[in-house]
1. Net charge near L62, counting Lys/Arg +1 and Asp/Glu -1 over other residues with Cβ under 13 Å of its Cβ?
2. Between E32 and I305, what is 0.36 nm times their sequence separation minus the Cα-Cα distance? Round to one decimal in nm.
3. If you count, for each residue, the other Cβ atoms within 10 Å and average over each peptide, how do 148-154, 119-125 line up from highest to lowest?
4. Using mean Cβ contacts within 10 Å as the protection proxy, how do 171-178, 85-92 order, highest first?
5. Determine which aspartates and glutamates satisfy two conditions relative to K97: a Cα distance under 14 Å, and not lying fewer than 8 residues away in the same chain.
6. Pairs K82/K154; K106/K180; K76/K203; K42/K66; K66/K154; K154/K180: which exceed 25 Å Cα-Cα?
7. Tally Lys/Arg at +1 and Asp/Glu at -1 over every other residue whose Cβ is under 9 Å from the Cβ of Q140; what's the total?
8. Where the centre of each part is set by its Cα atoms, how far does the range 240-289 sit from the range 170-206, in angstrom?
Amino acid sequence: MIKRDFTIHVTRLPAVGRDTDHGIYKERSMNEVRVGEIRIGKGNPLVLIAGPCVIESEANALEVAKEMKKICSNLKISYIFKASYEKDNRGSEKSYKGPGLEEGLKILSKVKEKVGVPVLSDIHRMEDVDLAKEVLDILQIPAFLCQQTSLLLKVGGAGKVVNIKKGQFVAPESMAGAVKKIYSTGNRQVLLTERGTCFGYNKLISDFCSIPIMQEIGCPVIFDATHVIRNYGIPSEDPRGGSPQYVPHLSRAAVAAGCNGLFLETHPRPSQALCDASSMIPLNEMENLLRQTKAIHDMVRTWGIV
């Protein structure tokens, strides 16, 4: 019998953002991002960014923030409250967009004061930045605006932590360009958020390789599970507009892949929400989901992966 050698010889190419030394990969160091006392990055505990999609009222914002702070305190998870004062990419001009900049910032300021947690909101316009930076702890660049140079430079110059959501149309390694724009202002406190990639119409796909790829740029990476499961083209208030039953699966997978934090939209009564009603997680289901993801993250941390 003739014996054949079927040994496979693999040539390992340098990964994005890495140096090689005789074929051994050396990871680029990840910047540690600090939001008050919260530290985000390799070796740090899981962080959660969560809240309703859009600010509906002061009462709703406080209800969510208080309950999420209680849950996260019990689980020892660092918590940042999220709600948009304006959603400018709604499917219809008649859809609820939020209370606007001034009223929204007043409500977010009360959340900070009464609940004692950092707050995050989206920035759509350069002219919003000067007012927003006085209240917000994190300025977020929406996915559709992640390549807007003038907005990125203005937000970077505010001197606050910046969270850039990766556009559905952008390869993860290409987010290095957006990060470089922020870094050019002297601000290196940057988070990147993965929220799916569009390979066709209406549905997004999660490529979990994007988590380590974007970490190789030098930034901690947050995973947004509640936007991945939106069925675009269907109004968010339509039950067919999202598949929230898959959020736990995606969240657990992202944490196992090494993300540094989760971004989850939640509401006490999702069916009554004024935005993303079909994709937010019921507030009373958050504790169980976070208990699972924290257990996975803690295990992965012990391996030195995150």
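FYI, it's all coordinate maths here, none of it is from the lab. Being a predicted model, the structure only gives us computed values, none of them experimental. Please note: Cβ atoms are built from the backbone with ideal geometry, for glycine as well, and neighbour counts cover all protein chains shown.
1. +2
2. The E32-I305 span can extend by a further 96.8 nm.
3. Details: 148-154: 16.9, 119-125: 22.7.
Packing proxy ranking, top to bottom: 119-125, 148-154.
4. 171-178, 85-92
5. The qualifying aspartates and glutamates are E56, E86, D88, D122, E237, D276.
6. Numbers: K82/K154 21 Å; K106/K180 32 Å; K76/K203 34 Å; K42/K66 28 Å; K66/K154 32 Å; K154/K180 13 Å.
Beyond 25 Å between Cα atoms: K106/K180; K76/K203; K42/K66; K66/K154.
7. Numbers: positive: K82, K165; negative: D122.
Residues near Q140 contribute +1 overall.
8. 21
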